[in-house]
Amino acid sequence: MPDIQCQQCKRPYPTQGLPYRCPACGGGLAFDGPITLDLDRVEADLPGIWRYRHTFSLFPGAQVVSLGEGNTPLVWEELDGLRLGLKMEAMNPTGSYKDRGTAVLVSQLAARGARSAVEDSSGNAGASFAAYAARARLGARVFVPEAASGPKRAQIEAYGAELVCVPGPRSAAAQAVQAAAGQGAVYASHAYLPFGLPGIATIAYELYAQLGRAPGSIVAPVGHGGLLVGIQQGFTALVNSGKIPGEPYYLAVQAERCAPLWWAATHSGGGEPAEGQTIAEGVRVKTPAHLATLLELLDGRRGAVAAVAEDDILPAYRELAGRGIYVEPTSAIVWSAIQPLMGRIPEPIVLILTGSGLKYQ
Ligand SMILES: [Zn+2]
């Protein structure tokens with residue numbers, strides 16, 4: 001089972017405490033090897049993601065903190081005569097895919113004896129964290145950008161978390177939470193702590209079970225990139241276990257107004273990408289935690305990055321709703337991005353629909 005280590009100095013994660021960066025050198029944290037998946041060890045009597053518990057690298061004594069996340073449906077739609085699989089991640093307990101990672105993250109926090117923690121988010125991760133913290137009876141303080149949607153803010157507060165609205169762009173909320181972490185708070189970062197990635201990887205195992213094979217292509221929104229990195233790690237585990245011959249093609253989708261991954265993949269030389277206002281608030285991340293990993297993955301053979309024009313987002317949101325699929329604008333960007341690529345990327349194509357339309361006012 002892989003362990004967490006510093007990506008720079010390779011020191012192992014401390015045996016006590018919950019730092020979100022290497023305490024020795026400040027480097028980022030990651031698992032020291034691929035996820036080990038053994039389909040003979042799947043615990044079919046456990047709900048949702050927990051049947052894959054042996055892949056989570058849980059601390060000794062970690063309890064299951066669950067609200068029934070995972071096991072979401074795969075629904076088929078037709079576009080231009082081709083079938084598209086829609087992975088309905090909005091059907092998770094708090095209305096977004098984040099719950100898969102948060103359930104594992106909060107289980108790990110509880111195993112280390114945390115009593116309270118802070119988190120920052122455009123809304124979905126904050127709502128998810130607030131819910132699982134409540135479930136585990138942990139105190140939660142969530143920093144969100146002032147522009148975060150009303151339903152997400154109401155949801156965070158309803159779970160009993162302390163909501164801190166930070167004026168300015170998404171990055172201002174990130175700076176505020178890092179200041180709190182600097183004063184000793186446990187920073188339950190869904191972006192910097194790798195605990196949740198094996199939880200997100202369960203999307204890959206479920207798709208394999210639902211399709212009886214690997215998808216040809218995966219299309220997913222990218223903010224920090226944890227969703228796509230987690231899914232990719234899941235497919236790597238399936239390849240390593242001999243269940244599938246190769247990984248799918250990956251299409252990462254960003255909103256053009258804040259598209260640092262797309263910018264890095266398509267620009268060379270100086271300057272920096274914009275952090276513009278977009279209704280796809282869930283992918284408005286100026287400095288993605290998984291930027292380097294994704295740039296390496298999406299090198300043109302294994303995948304690509306698309307940026308969706310702002311004017312195309314609401315029409316995609318409405319078109320999906322017109323087919324009975326109610327997702328937030330952040331999720332709808334994949335519907336827009338896929339249209340020029342129909343027939344040009346491997347099939348079957350699966351779109352990850354990340355969050356509920358009820359989160360958007
Ligand atoms: Zn280090």
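Counting 0.36 nm for each residue step from Ala274 to Glu347 and taking away their Cα separation leaves a gain of 23.0 nm. For Asp40 and Asp80, a Förster radius of 45 Å and the Cβ-Cβ distance give a FRET efficiency of 0.65, rounded to the nearest 0.05. Taking the chain as the region of interest, the number of lysine pairs whose Cα atoms are within less than 23 Å, with members eight or more places apart or on different chains, is 10. Summary of the geometry: the range 308-331 and the range 177-235, compared by the centres of their Cα atoms, lie 23 Å apart. Taking a point 7 Å from the Cα of Asp299 along the Cα-to-Cβ direction, the residues of the range 227-255 with backbone N closer than 19 Å to it are 229-230, 232-237, 239-240, 246-252. Under the combined filter of DSSP loop state and at most 12 neighbouring Cβ atoms within 10 Å, the range 267-361 retains these trypsin sites (Lys or Arg not before Pro): Arg301, Arg344. Taking a cut-off of 24 Å, what percent of all Cα-Cα pairs in the range 250-361 are separated by more than that? Cα-Cα pairs in the range 250-361 separated by more than 24 Å: 24 percent. Can you compute the FRET efficiency between Gln210 and Glu310 using 1/(1 + (r/R0)^6), with r the Cβ-Cβ distance and R0 = 41 Å? Round to the nearest 0.05. Calculated transfer efficiency: 0.80.
Per residue of the chain, what 222 nm ellipticity follows from adding -39500 (n - 2.57) for every DSSP H run with n ≥ 4, rounded to the nearest 500?
Using -39500 (n - 2.57) per qualifying helix, the result is -9500 deg cm²/dmol.
Cβ-to-Cβ counts within 10 Å put Ile49, Ile325 in ascending order as Ile325, Ile49, the fewest first.
With the largest listed first and rounded to whole Å, the semi-axes of the equivalent ellipsoid of the chain from the Cα gyration tensor are 28, 24, 20. A Gaussian network model of the chain, with springs between Cα atoms under 10 Å, assigns the largest mean-square fluctuation among Ala209, Ala332, Ala188 to Ala209.
Only four residue types carry charge here, +1 at the Cβ of Lys and Arg and -1 at the Cβ of Asp and Glu. Report the dipole size of the chain about the Cα centre in Debye, rounded to the nearest 20.
Here the chain has a charge dipole of around 720 debye.
Using the Cβ-Cβ distance between Ala172 and Gln339 with R0 = 41 Å, the FRET efficiency computed as 1/(1 + (r/R0)^6) comes to roughly 0.75. Listed by Cβ neighbour count within 10 Å, with the fewest neighbours leading, Lys10, Lys87 appear as Lys10, Lys87.
Throughout, read-outs are computed from the coordinates displayed, never taken from laboratory work. Quick caveat, the model's predicted, so the values are computed rather than measured. Ideal geometry is used to build each Cβ from the backbone, glycine not excepted, and the neighbour counts take in all protein chains shown.
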